[in-house]
1. For the stretch 42-82, name all the residues that are of a type in the set (Ser, Thr, Tyr) and either within 11 Å of Leu20 (Cβ to Cβ) or modelled with pLDDT of 90 or more (or both).
2. Looking only at the stretch 39-62, how many residues end up being polar (S, T, N, Q) and assigned to a helix (DSSP H, G or I)?
3. With respect to Ile158, is the statement that it is farther than 21 Å from Leu243 by Cα, β-branched (Val, Ile, Thr) and surrounded by fewer than 14 Cβ atoms within 10 Å (Cβ to Cβ) true?
4. Can you go through Leu188, Leu203, Leu184, Leu138 and tell me which one is over 25 Å from Val252 (Cβ atoms), outside any loop (DSSP other than H, G, I, E, B), in contact with a helix residue (DSSP H, G or I) (Cβ under 7 Å, 6 or more places away or on another chain) and touching a residue at least 12 places away in the same chain (Cβ under 8 Å)?
5. Would you confirm, using the coordinates I've provided, whether Leu23 is outside any loop (DSSP other than H, G, I, E, B) and touching a Gly at 6+ places or on another chain (Cβ under 7 Å)?
6. Please verify whether Ser163 is of a type in the set (Ser, Thr, Tyr), more than 30 Å from Ser234 (Cβ to Cβ) and over 22 Å from the mean Cα position of the chain (by Cα), treating the condition exactly as stated.
7. Before we move on, is Ala216 surrounded by 12 or more Cβ atoms within 10 Å (Cβ to Cβ) and hydrophobic (A, V, I, L, M, F, W, C)?
8. Which members of the stretch 77-88 meet the condition of being of a type in the set (A, V, I, L, M) and either touching a residue at least 60 places away in the same chain (Cβ under 8 Å) or touching a Pro at 6+ places or on another chain (Cβ under 8 Å) (or both)?
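The values are calculated or read from the model by the stated rules, or taken from the named source; none is laboratory data. Only a predicted model underlies this, so the values are computations on that prediction, with no experimental measurement involved. Note: ideal-geometry Cβ built from the backbone for every residue, glycine included; neighbour counts use all protein chains shown.
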Amino acid sequence: MTGLPALVDPLAGMAWAALLVFLRVAAAMFAIPGLGEQVISVRVRLVLVLMLTAIVAPGAPFLDTLPPFRRELFFLGLATETLSGLFLGLVLRFFIMAIQTAGSIAAQSTSLAQLMGQSGLDPLPAVGHILTTAALALLMSTGFHVKAAAFFVQTYQILPVLSFPNPADIAEAGRQRVSESFALAFSLAAPFVTLSVIYNLTLGVINKAMPQLMVAFVGAPVISFGAIAMLLVSAPVMLSAWLTAFERFLAVPFR
């Protein structure tokens with residue numbers, strides 16, 4: 001019986017650390033791309049949270065310095081880890097917003113905004129749905145669950161456990177991510193914007209040369225088929241650039 005405390009104490013410390021990891025991962029799961037999508041049932045997401053917790057907890061860098069479990073520390077961890085997890089999930093969600101914004105820009109600039117109507121949880125044009133679905137499929141097929149686990153381990157060096165995030169640092173990181181998200185979205189949609197500018201300039205020249213010609217009636221099929229062809233050609237490049245930016249952030253978050 002004298003050896004029982006020596007056996008139980010490490011297990012209790014590990015359970016306490018796993019609980020803190022669970023709180024952070026569960027909060028991030030509300031917004032994390034792929035694993036936290038609304039189309040996934042709550043039970044499946046709970047299983048994913050438990051699996052990520054089992055992977056992240058043994059590699060958490062705070063295991064040796066974590067204070068013993070106390071009730072006040074539990075409530076502190078409930079607040080701090082939930083806030084940190086929500087922030088991390090939203091930061092990763094900005095990459096999905098970037099590809100959605102790129103699809104919206106491409107659709108609006110090439111008259112494909114109402115193609116096939118609206119469908120899905122998010123009111124996106126068809127181009128946005130195609131790019132978003134393809135991006136999520138590409139993300140999950142490249143081992144995002146492994147990269148997400150490594151990302152959560154790294155976050156404890158930026159957002160320490162049992163510590164409230166610094167509001168100034170959070171605001172600066174959020175501003176930077178929003179700025180980079182819009183920059184990425186516009187760079188991905190740049191071919192469609194260029195096609196739209198060329199189309200409208202050509203339409204203006206033709207209308208000036210032949211005022212009697214109904215250029216809008218003639219040009220509508222051209223821009224529609226041209227945009228679809230552009231999507232067919234540029235989608236692999238867009239998705240590759242998006243995935244590279246995402247993986248770069250996962251490898252070195254908040255650089």
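1. First, the residues of the stretch 42-82 that are of a type in the set (Ser, Thr, Tyr): 53, 65, 80, 82.
Thr53, Thr80, Thr82, listed by residue number.
2. Residues that pass the stated criteria total 1.
3. In short, yes.
4. Leu203
5. yes
6. Yes; evaluated as a whole, the condition is true for this residue.
7. no
8. Start the filter on the stretch 77-88 by keeping residues that are of a type in the set (A, V, I, L, M), which leaves 78-79, 83, 86, 88.
Those that are of a type in the set (A, V, I, L, M) and either touching a residue at least 60 places away in the same chain (Cβ under 8 Å) or touching a Pro at 6+ places or on another chain (Cβ under 8 Å) (or both): Ala79, Leu83, Leu88.
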